[in-house]
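What follows is a set of notes on a single structure, which appears directly below.
The values are calculated or read from the model by the stated rules, or taken from the named source; none is laboratory data. Remember, predicted model here, so these are calculated numbers, not experimental data. Glycine also receives a Cβ, built like all others from the backbone with ideal geometry; neighbour counts cover every protein chain displayed.
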């Protein structure tokens, strides 16, 4: 499995994977990604709020939900970030969460700056 030190070697969007995950339908892959992008800032804001309030159960639920959606859109960087955060939360490892959530926010913003269509 990749580590976070490898994250910059991954593409922000992997259209080949996204298309494959959408049943080899590029148009559907674009629609799924566009839908995710419409709600991404709101999802990240909810994650940040749950973290700030130390609502770790809610935080895990929000991270898990977003992770599931990201897995179907061909987004290797976000998938990796969310996987690490989800894993740490499940292990009750909270030491690196501030940094990880900041990095998640940065990765989300990097995705939103991409030309999707």
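Numbers for the structure displayed
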| quantity | calculated |
| --- | --- |
| Enumeration of residues in the range 17-61 that are loosely packed, with under 12 Cβ neighbours inside 10 Å and over 17 Å from residue 108 (Cα atoms) | 23, 24, 27, 52, 53, 54, 57 |
| Lone unmet requirement of (1) modelled with pLDDT of 95 or more; (2) surrounded by fewer than 17 Cβ atoms within 10 Å (Cβ to Cβ) for residue 71 | (1) |
| Count of the range 1-15 residues which are surrounded by 13 or more Cβ atoms within 10 Å (Cβ to Cβ) and more than 15 Å from residue 114 (Cα to Cα) | 3 |
| Scan of the range 1-18 for residues that are part of a helix (DSSP H, G or I), touching a helix residue (DSSP H, G or I) at 6+ places or on another chain (Cβ under 7 Å) and closer than 19 Å to residue 68 by Cβ, ordered by number | 18 |
| Failed criterion for residue 23 (all others in (1) over 14 Å from residue 69 (Cα atoms); (2) over 15 Å from the mean Cα position of the chain (by Cα); (3) in contact (Cβ under 8 Å) with a residue 60 or more places away in the chain hold) | (3) |
